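Structure first, then comments.
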Amino acid sequence: MSNRITAARAIVCSPGRNYVTVVIETAEGLAGIGDATLNGRELAVASYLNDHILPLLIGRDPSRIEDIWQYLYRGAYWRRGPVTMTAIAGVDVALWDIKAKAAGMPLYQLLGGASRERMLCYTHADGADIDETLAAIEEKQRQGFAAVRVQSGVPGLDRIYGVHAPGETADDPHTAPIEGDWDTSFYLRHAPMLFEVARECFPDLHLLHDAHHRLTPNEAAQLGRSLEPYRLFWLEDPVPAESQESWRRVRQMTTVPLAVGEVFNSIWDAQQLITERLTDYLRTTIVHAGGVTHVRRIADLCALYQIRTGFHGANDLSPVTMGAALHFGRWVPNFGIQEYASHPRQAAEVFGWDWACRDGHLHSGEAAGHGVSFDEAAAARFPYQRRYLDVNRLKDGTLWDW
Ligand code: GCO
Ligand code: MG
């Protein structure tokens, strides 16, 4: 008799920040682990899984990953959306983990084998002003990173994306959305000054920057042009991408390399951006876009248009997603770069991982599966904590894109 799924559950825990983890067990005694974390909306995904999806898996053959994916996507009638696609991703990655463990192979072998030995990664440096930011970049360079995302406070703005207040870390709990403030003209004036100095001080580093969806296409074109002399690795999310065609103006007006896609959850969110070559890197990653099964299709479409991967890797994506992304990155022919922000200290009490970061690169490890384990008893010591992402307002109070 073929193998069967005997148990499936989604567990929410908060070792420093909230993570939703899927555990699927089989009659043969294997357990697969998947990440289904959607920052600030964790319980919605956990309910989608525990109340709707996971009961349907009991008794199914875990080797039929494609059929289960189609069943959960087409079979739901209600397609796409971050909650649905994150839930499907949690199941999909757990099933790939089971298949690779059953084969006794690291996941990258099942995908087609290694295209490379290690993956270039970028980390984050930020500061309240330019001097503090330069010191933060220097520290990352000293740690061996070859690529650094640079964010800096802007004179006249109290709190902006990517810059921590003194003493604050990315993992501090926000039990209500914190409100940042925004003024595009202050930002457009400051960003070129920041990168002029950063490029002068760090001629050999890859420098990246995240505009976090705040500009119009014309403003983004201005920003891109003003940054061209400083040879950025990429400018990320200059404009929101609900309207894919809005990227044409940015693309036509500047040669700065572009990255987009961390909020996408389906190939349809990116189809026009890819087929019209409106971006250079796609950031859509495994946890928010239906898992390995779907992201593989997105990456293959990208490859036809010389677009490379640049997967989202903030620390609200659990160590499981990082493991899966690194096996994916080991294989995918059009790999570009992987974002890397280290997880909260307590995460290591709940998750064990075989991947590693050294010398500015990430290494997938060679364990069977994706190489990330989950300790349910330890997870129970870190119950869910309500927590929100920030919001953003203009000086007159108008709610703006965060
Ligand atoms: C990035 C992202 C993150 C997101 C966060 C949302 O480039 O890493 O923009 O900082 O805002 O992951 O949950
Ligand atoms: Mg981003």
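With the structure loaded, tell me whether THR285 is within 13 Å of the chain's Cα centre (by Cα) and at pLDDT 95 or above or whether it fails that test.
Working: within 13 Å of the chain's Cα centre (by Cα): yes; at pLDDT 95 or above: yes.
Yes; evaluated as a whole, the condition is true for this residue.
Among the residues of segment 168-181, those identified as away from ligand 2 (no atom under 16 Å from the Cβ) and not in a loop (DSSP other than H, G, I, E, B) are GLU179, ASP181. Checked against the criterion of being touching a Gly at 6+ places or on another chain (Cβ under 9 Å), among the basic types (Lys, Arg) and assigned to a helix (DSSP H, G or I), segment 322-342 has at least one qualifying residue. For segment 249-262, the criterion of a residue being open to solvent by 10 Å² or more (accessible area, probe 1.4 Å) and under 15 Å from the mean Cα position of the chain (by Cα) is satisfied by at least one position.
Of GLU196, GLU219, GLU242, GLU179, all but one fail to be closer than 30 Å to GLY360 by Cβ and acidic (Asp, Glu); the exception is GLU196.
Name the single residue, out of those in segment 195-223 being under 17 Å from GLU245 (Cα atoms) and buried (at least 16 other Cβ atoms within 10 Å of the Cβ), that is nearest to ligand 2 (Cβ to nearest atom). I'd like the intermediate steps shown before the answer.
Initially, segment 195-223 is screened for residues under 17 Å from GLU245 (Cα atoms), giving 213-221.
Still in the running and buried (at least 16 other Cβ atoms within 10 Å of the Cβ): 213-215, 217, 219-221.
On the way: HIS213: 8, ARG214: 11, LEU215: 14, PRO217: 18, GLU219: 17, ALA220: 14, ALA221: 19 Å.
Only one residue fits best here, namely HIS213.
Could you pull out the residue among ARG330, ARG345 that is of a type in the set (D, E, K, R) and farther than 18 Å from LEU120 by Cβ? Before the answer, list the steps.
Working: ARG330 fails: farther than 18 Å from LEU120 by Cβ.
Sole residue among the options that is of a type in the set (D, E, K, R) and farther than 18 Å from LEU120 by Cβ: ARG345.
Is it the case that segment 223-240 has a residue that's out of contact with any helix residue (DSSP H, G or I) (no Cβ under 8 Å at 6 or more places or on another chain), away from ligand 1 (no atom under 16 Å from the Cβ) and touching a residue at least 40 places away in the same chain (Cβ under 8 Å)? Scanning segment 223-240 turns up no residue that is out of contact with any helix residue (DSSP H, G or I) (no Cβ under 8 Å at 6 or more places or on another chain), away from ligand 1 (no atom under 16 Å from the Cβ) and touching a residue at least 40 places away in the same chain (Cβ under 8 Å). With the condition kept exactly as written, say whether any residue in segment 2-13 is within 17 Å of ALA100 (Cα to Cα), touching a Pro at 6+ places or on another chain (Cβ under 7 Å) and open to solvent by 10 Å² or more (accessible area, probe 1.4 Å). Yes, that holds for at least one residue. With the condition kept exactly as written, say whether any residue in segment 266-284 is touching a Leu at 6+ places or on another chain (Cβ under 6 Å), in a loop (DSSP other than H, G, I, E, B), open to solvent by 10 Å² or more (accessible area, probe 1.4 Å) and of a type in the set (Asp, Glu). Within segment 266-284, one or more residues are touching a Leu at 6+ places or on another chain (Cβ under 6 Å), in a loop (DSSP other than H, G, I, E, B), open to solvent by 10 Å² or more (accessible area, probe 1.4 Å) and of a type in the set (Asp, Glu). Out of the residues in segment 95-108 meeting the condition of being touching a Lys or Arg at 6+ places or on another chain (Cβ under 9 Å) and either assigned to a helix (DSSP H, G or I) or within 16 Å of ligand 1 (Cβ to nearest atom) (or both), tell me which one is nearest to ILE53 (Cα to Cα). The selected residue is LEU95.
If the condition is being part of a helix (DSSP H, G or I) and either more than 22 Å from ALA147 (Cβ to Cβ) or out of contact with any helix residue (DSSP H, G or I) (no Cβ under 8 Å at 6 or more places or on another chain) (or both), then segment 182-214 contributes THR184, SER185, PHE186, TYR187, LEU188, ARG189, HIS190, GLU200.
Rundown of residues vs (1) at pLDDT 95 or above; (2) more than 15 Å from ligand 1 (Cβ to nearest atom); (3) crowded, with 21+ Cβ neighbours inside 10 Å, yes/no style:
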{"position": "LEU317", "(1), (2), (3)": "yes, no, yes"}
{"position": "ALA325", "(1), (2), (3)": "yes, no, yes"}
{"position": "ARG330", "(1), (2), (3)": "yes, yes, yes"}
{"position": "GLU339", "(1), (2), (3)": "yes, no, yes"}
{"position": "CYS357", "(1), (2), (3)": "yes, yes, no"}
{"position": "SER373", "(1), (2), (3)": "yes, yes, no"}
{"position": "TYR384", "(1), (2), (3)": "yes, yes, no"}
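Among (1) within 30 Å of ASP210 (Cα to Cα); (2) open to solvent by 20 Å² or more (accessible area, probe 1.4 Å), which single condition is ALA103 missing? Looking at each condition in turn, ALA103 falls short on (1).
The values are calculated or read from the model by the stated rules, or taken from the named source; none is laboratory data. This is a predicted model, so every value here is computed, not measured. As a convention, Cβ positions derive from the backbone with ideal geometry for all residues, glycine included, and neighbour counts pool all protein chains shown. Side chains included, ligands, DNA and RNA excluded: accessible areas come from the protein's heavy atoms. Shrake-Rupley method; radii C 1.70, N 1.55, O 1.52, S 1.80 Å.
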